[in-house]
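The values are calculated or read from the model by the stated rules, or taken from the named source; none is laboratory data. This structure is a prediction, so every number in the text was calculated from the model and none was measured. Cβ coordinates were reconstructed from backbone atoms using ideal geometry, including for glycine residues, and neighbour counts include every protein chain displayed.
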Amino acid sequence: MTRIGLLLSVLFLANCATVGSRMGTGLLYTNVKDYTNVEFENIGTSKAGKSCGTNILGLVTTGNTSIDAAKKKGGITKVATVDFEGTSILGLYSTVCLVVRGE
């Protein structure tokens, strides 16, 4: 394959496994942390749980990014905050996680 063909293939596939956020998506690399506007008063944040999913080439997606999964992993019964984290490399491989904090 020629170099131009390889470059075009990479650019074509670049958005197959991307992480989006209010901060945007980088073509080569994205690593973002964001919030989801969930916050409750009078609940501590002594515990944290994380639930993640993975996407490869936009073809295969695995994982459980639900709030319930994160609550279970952190032993949380009352949610104080829910945050978002995501990483994408060349649009070929990405991960998305929810981080739940509470009691």
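For this structure, a couple of remarks:
- The residues of the range 78-102 that are of a type in the set (A, V, I, L, M, F, W, C) and within 18 Å of ILE56 (Cβ to Cβ), listed by number, are ILE89, LEU90, LEU92, VAL96, CYS97.
- Strands (runs of 3 or more DSSP E) fully within the range 1-97 that include at least 2 residues being modelled with pLDDT of 85 or more and surrounded by 15 or more Cβ atoms within 10 Å (Cβ to Cβ): 47-56, 79-89.
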